């Protein structure tokens, strides 16, 4: 947990050239990660490039649940497969 907090603090003080970085908590591990995805613009599965990206939106964006059309816990079945 101490490492995750340290990483989050380092990222919050990242220089401006780092671009559009944001942080997210991975619920299953408690690890804070940095990435360039954002909830600002709603995405559809057709515009998402990877299962990791779809999963990030599912857990971090208010609209992320829309990516799991059959409520099986897997977003964008075309990228991530199905949990059924």
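Matching residues to (1) modelled with pLDDT under 60; (2) touching a helix residue (DSSP H, G or I) at 6+ places or on another chain (Cβ under 9 Å):
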{"site": "17", "(1), (2)": "yes, no"}
{"site": "20", "(1), (2)": "yes, no"}
{"site": "23", "(1), (2)": "no, yes"}
{"site": "43", "(1), (2)": "no, yes"}
{"site": "56", "(1), (2)": "no, yes"}
{"site": "69", "(1), (2)": "no, yes"}
{"site": "72", "(1), (2)": "no, no"}
Kindly indicate the residue of region 32-64 that is over 12 Å from the mean Cα position of the chain (by Cα) and in a helix (DSSP H, G or I) and also surrounded by the fewest Cβ atoms within 10 Å (Cβ to Cβ) among those meeting that condition. 46
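The values are calculated or read from the model by the stated rules, or taken from the named source; none is laboratory data. Note that the coordinates shown come from a computational prediction; the quantities given were computed from them, not determined experimentally. Every residue, glycine as well, gets a Cβ built from its backbone with ideal geometry; the counts of neighbours run over all protein chains shown.
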